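Scroll down for the structure; my scribbles are underneath it.
The values are calculated or read from the model by the stated rules, or taken from the named source; none is laboratory data. Owing to the predicted nature of the structure, the values given are computational and were not obtained by experimental measurement. FYI the Cβ positions are ideal-geometry reconstructions off the backbone, even for glycines, and counts take in every protein chain you see. Calculation scope for accessible area: heavy atoms of the full protein, side chains included, ligands and nucleic acids excluded. Shrake-Rupley method; radii C 1.70, N 1.55, O 1.52, S 1.80 Å.
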Amino acid sequence: AAATPVSEPSTERVAAFIAAHGLDAEIIDTPDGVPTVELAAIALGVDVDRIIKTLVFVDTADRLVIGIACGTGRVDRAKLAEPAGTGTLRLAPAPLVLETTGYPPGGVAPVDLPDDATVIMDERVLLQPIVYGGSGTDLHMVRIRPHDIVRLNAARVADILQTP
């Protein structure tokens, strides 16, 4: 996996965001695709806990709540709703994810998210010095520091995972 120029519009958007904010982050090309956490970890040569997912939910008033968690954990919607200050959450349908974030489901970047979204990061993500998340397609990942994700999204940090 090597950093390379990218030509996907959504991935270019992430690269532009990184440059505009002077982040210690980079887009990594994964030419074989990384449709799962396990395959992403193998492609990047890192532990699965370093792979994060950015999931988009909506509440009953259609407000966006975005959960960011280590890829192997399962987000508990009730635990996510509490710090978001809302009630019932459902996973946003694919067309809404694309319309509101500009990214397809599975490729949602952990930065450059909608200003009106409430972003909650699972506390376990902060245990990692560097994480790898979606970057617009399953052919690219973004390497980024969890603290930058929190800062740039004004994210709240909480335990949002299901108990194993």
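Overview of results
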item	result
Two-decimal log10 I(q)/I(0) for the stretch 33-164, as the Debye equation yields it once each C-alpha is a single scatterer, q = 0.20 Å⁻¹	-1.16
Share of alpha-carbon pairs per 10 Å distance bin for the stretch 1-80, given as whole %	15, 37, 36, 12, 0
For the stretch 121-128, Karplus couplings with θ = phi - 60° (6.51, -1.76, 1.60), whole Hz, Gly/Pro x	9, 5, 4, 5, 4, 5, 6, 9
Inter-probe distance in nm under a simple model that places probes 7 Å from Cα toward Cβ, at residue 90 and residue 130	4.1
Accessible area of the stretch 38-157 belonging to carbon and sulfur atoms, whole % at 1.4 Å probe	52
Integer Hz, Karplus 6.51/-1.76/1.60 couplings in order for the stretch 36-46, x for Gly and Pro	10, 4, 4, 5, 5, 4, 5, 4, 8, x, 10
5 angstrom amide H check on residue 30, placed H, neighbours 5+ away	140, 141
Total formal charge among the other residues, if their Cβ is under 10 angstrom from that of residue 143, Lys/Arg +1 and Asp/Glu -1	0
Dipole moment magnitude, nearest 20 debye, the stretch 73-164 about Cα centre, only Lys, Arg, Asp, Glu C-beta charged	220
Cα long-axis angle, helix 9-20 against the chain (0 to 90 degrees, to the nearest 10)	90
Computed [θ] at 222 nm, deg cm²/dmol, the chain (DSSP H ≥ 4; -39,500 (n - 2.57); rounded to nearest 500)	-7500 deg cm²/dmol
Point-to-point label distance, residue 116-residue 147, nm (Cα→Cβ direction, 7 Å offset)	3.3
Gain on full stretching of the segment that runs from residue 74 to residue 158 - 0.36 nm per residue minus C-alpha separation	28.9 nm
Whole-number accessible area per residue in Å² for the chain, which is evaluated in the context of all protein chains at 1.4 Å	48
Residue 157 long-range amide H proximity, modeled H, under 5 Å	121
